[in-house]
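Report on the structure given below.
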Amino acid sequence: MKLHALLVASSLLAFQISAFSEDLPPFLQSVIAPVPPTTPAAVAAQNAINLDNSMQDIYANALAVYQQNFLNSSPIILGLFTNTGGNFILYRPGKDPLTAPQVPVAYQVVKGISHSAMAVYQIIAPFILEPSSPSWRAPMRIWRESQKVTLDSADALDLPADIKANVKELLARNIAFMDECLKSGTFTLQGIEDYATGLAPFIQKNVEFAARLQVGHWMGVMAEWKKLLGNDWEKTYGVTNTLYVTRTNNIFYTIMAQFFGKEAINSRLILLETTEFTTEPATMLNLLSRIVADRALGKVFFKNYYLMDVELVSTGSRDAIASTEANQLKIPASAGAYTVFSGRKAIETEAKKLGFTPLMPPLAPFHSQEWPWRTSQKDGKGPDSLEEALDSKGKTGN
């Protein structure tokens, strides 16, 4: 019976399409087709989906108002990563944004020279399995010339004597390695590793010098701005951006933390994970405004100001929090991620079905003043600083 009904429905649809096509003039038949039949259930589902789509427009319009009100009531400091050592902007209610002076140019000088060695590696690394290929030679000749020009003018660099000698030696070693590769027309992996290992102490010295320049500069800016804001400091927000690699021990976040204090961490001092190393101020302000506005929403709907900092749909999470097993799993936020996400209990159940031991983030309060990155030494292995990484007697492991 069901098969008969299906055949009848199919025949009817074919007849409708045929009749529809015959009623259309030829010039429309190739671009217009009959609307496929739908069901009441599909219509109802789409009506519900449209509510969420429309809500996004309503939310966007409201967010613009929230952001303006936020800027009119609270000072905001943005610490943005740039290739020049950073960009700090202070927004004060009723005043034009105040952009801090840039890090001294010596920062960019030592950074550029240190990175030049990595570029040598990038030129030849794609050809490690075919080192005699001529494809890397022309780019290397061009790069060698650029480094030679820099070395020839290095005496005029405004750097301390020991740092100037350090960058000159680094450039000279780069050039010597490239000359050797170009002369022989080939290279070896061992040769690359020996070259890189020999450069490590020079790069490390540059890194230490650049860090002192950058940190000293921005610590001075923060001290000046905190004094400028006076009593308004207690309602000031600090925000910086991060990629995956800059999340651990984020330098700008750490600098700002010295002035904001632990009580502001994840409250008024916020680390925003972004998809680009450089992020536009407008994007950062939009994200911050969304966080603060959503916190108010969370307080109204769920009686908790920080609940919206984590996943909203938390039925599964509440079940997990209430369970005896979850209480046993609860450990300090400093031992890992502190977010409680939707569907935790469902993931645990499905993992067990598949024979996995559930691997879950620890349960912790919605709001935590722990650092927003890895802080526990209980897990992991290997060095935890550049000095240890370069010290053969340091911790084992990668």
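The values are calculated or read from the model by the stated rules, or taken from the named source; none is laboratory data. Every value quoted in this text rests on a predicted model; they were computed, and no experiment measured them. Cβ sites come from the backbone with ideal geometry, for glycine too, and all protein chains shown count toward neighbours.
Taking the stated definitions as given, is residue 253 in contact (Cβ under 8 Å) with a residue 12 or more places away in the chain, in contact with a helix residue (DSSP H, G or I) (Cβ under 6 Å, 6 or more places away or on another chain), under 27 Å from residue 108 (Cα atoms) and of a type in the set (Phe, Trp, Tyr)? No, not satisfied.
The stretch 90-203 holds helices (runs of 4 or more DSSP H) entirely within its bounds, and those carrying 2 or more residues that are modelled with pLDDT under 95 map to 106-124. Of all the criteria given as (1) touching a residue at least 40 places away in the same chain (Cβ under 8 Å); (2) surrounded by fewer than 18 Cβ atoms within 10 Å (Cβ to Cβ), the one not satisfied by residue 227 is (1). Against the list (1) within 25 Å of residue 216 (Cα to Cα); (2) among the hydroxyl-bearing types (Ser, Thr, Tyr); (3) more than 34 Å from the chain's Cα centre (by Cα), the condition residue 153 fails is (1). If I filter the stretch 94-113 for residues that are of a type in the set (A, V, I, L, M, F, W, C) and in contact with a strand residue (DSSP E or B) (Cβ under 9 Å, 6 or more places away or on another chain), do I get at least one hit? So far as the stretch 94-113 goes, yes, one or more of its residues are of a type in the set (A, V, I, L, M, F, W, C) and in contact with a strand residue (DSSP E or B) (Cβ under 9 Å, 6 or more places away or on another chain).
Scanning the stretch 84-110 for residues that are surrounded by 19 or more Cβ atoms within 10 Å (Cβ to Cβ) and within 25 Å of the chain's Cα centre (by Cα) yields 85, 86, 88, 90, 91, 100, 103, 107, 110. Apart from one condition, residue 338 fits all of (1) at pLDDT 90 or above; (2) under 15 Å from residue 372 (Cα atoms); the exception is (1). Restricting the stretch 258-281 to residues that are in contact with a strand residue (DSSP E or B) (Cβ under 6 Å, 6 or more places away or on another chain) and outside any strand (DSSP E or B), which is surrounded by the fewest Cβ atoms within 10 Å (Cβ to Cβ)? So the residue we want is 281. Which of the residues belonging to the stretch 248-257 are modelled with pLDDT under 90 and surrounded by 19 or more Cβ atoms within 10 Å (Cβ to Cβ)? Selection gives 250 alone.
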